[in-house]
1. Got a number for carbon plus sulfur as a percent of the chain's accessible area, 1.4 Å probe?
2. With just the Cα atoms of the chain, tell me how far they stretch along each of the three principal axes, in Å, largest first.
3. Give the distance, in whole Å, between the Cα centre of the stretch 27-42 and the Cα centre of the stretch 103-141.
4. Working out 0.36 nm times the residue gap between Arg353 and Ser217, then minus their Cα-Cα distance, what length gain in nm do you get to one decimal?
5. Kirkwood Rh over Cα pairs of the stretch 231-320 into Stokes-Einstein at 10 °C, 1.306 mPa s: D in µm²/s?
6. Any chance you could run the full-extension gain for Glu297 through Asp155? It's 0.36 nm times the residue separation minus the Cα-Cα distance, nm to one decimal.
7. Quick check: pseudo-label points 7 Å beyond the Cα along Cα→Cβ at Asn53 and Val11, how many nm apart are they?
8. Can you work out the Karplus-derived ³J(HN,Hα) for every residue in the stretch 74-88? Use 6.51 cos²θ - 1.76 cosθ + 1.60 with θ = phi - 60°, whole Hz, and x for glycine or proline.
Amino acid sequence: LDLPAGTDELVVQFRSASFHDEKRLRFRTFLEGFDQDWRPAERRPSQSIRYTNLSAGRYRFHVQALDVRGHRSPVATSADIIVHPPVWQRPWFVMLAVAATLGLVWLAFALVQGRRYNRQLAAEVRERTAELAASEDTVRAESQRLAAILESISDGVVTLDADARITLHNTAAADLLARRSDSLADRPLAEVAPGMARNIEGVLKAAGPELRGPQFSCCLETPTGSPLDLECSVAPLTGAAGPGLVVAFRDVADRRRAEQERLRTQRLESLGLLAGGLAHDFNNLLAVILGNVSVLEISPELSADDRHGLDGIRSATQRAQGLTAQLLTFARGGAPRRELTDLGPLLRETADRTLGGTRAVLDLD
């Protein structure tokens, strides 16, 4: 019994019957968590007891009846009675308050550190800009750094000039297209990946001058003959060499297979719920059939043939209940239960059901 915070009064009612001097029954009570020990036995005509000034905590009520001759009944015990403390005294509230305080402290510290880092980063950017403007060596070092970053990207990246020729690419692009890295430089994209080139042309026509990195999917066939399912994105590239494009692409076959597996799992779960509902409903109908068979079997006027027919109905209904149990196993998941079975009765039941209404005779050895 869960009682809300602020509850300080509890009334417990109980009942006891006696065939001798019921009005003279006495009761011993003990509220575990409140009383130190059992209260002395006394008469309680209302057969109830009231407790006040309860504090938050867990209680259990015990009561025992005594008749005039001193005989005692078994002790009756209630379920747990829980009086919840106020919200601000609950552990989760205290933990939440502590977490909020720590979060505010961390946020303040992060803001201070962020400002310091921004100032430091701005100073580094100004210094680096001056160095790049003053030294070709620094420019060359930055170019090498950019190339290293490009090689570290797991997605394929290629840059195209105004004629859609590949001017720059990383190793991942060559690996995804199943070509040597030195065979991609200065080649038209239409020769290397015709499907991707056609999709990019369509994207450019649809986007026009407002090209903002659109994404599209395409399927390519590598030189080895295996299909490649790619997800691509295109962005404009401007610089001293003239306008161009940056194309990034990745293989999404594994991700799509995972999505298909997830959808398949969801369909199986839905099918399991449906099977479970059908099994419960069908089991209820079978219970009605078994109940009526039990009622008919009580009749003393049944002939031997009628009783044999009722046995067949009972056996078939019980087998149908076994089918519903299998449906419930499918609905709940887990491995089906296997057990040792005597084949003799199983074969006889199956043969009787199969040969019913025919002139064939079963001879089971």
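1. 56
2. The principal-axis extents, from largest down, are 113, 83, 38 Å.
3. With the stretch 27-42 and the stretch 103-141 each reduced to a Cα centre, they are spaced 74 Å.
4. Full-extension gain reported as 43.1 nm.
5. Estimated diffusion coefficient is 81 µm²/s.
6. In short, 43.5 nm is gained.
7. About 2.1 nm, to one decimal.
8. Working through the residues one at a time gives x, 6, 9, 10, 7, 6, 5, 10, 10, 9, 6, x, x, 4, 6 Hz.
The values are calculated or read from the model by the stated rules, or taken from the named source; none is laboratory data. Values in this document were obtained by computation on a predicted structure and should not be read as measured data. All Cβ positions, glycine included, derive from the backbone under ideal geometry; neighbour counts span all protein chains shown. Only protein heavy atoms, including side chains, enter the accessible area calculation; ligands, DNA and RNA are left aside. Shrake-Rupley method; radii C 1.70, N 1.55, O 1.52, S 1.80 Å.
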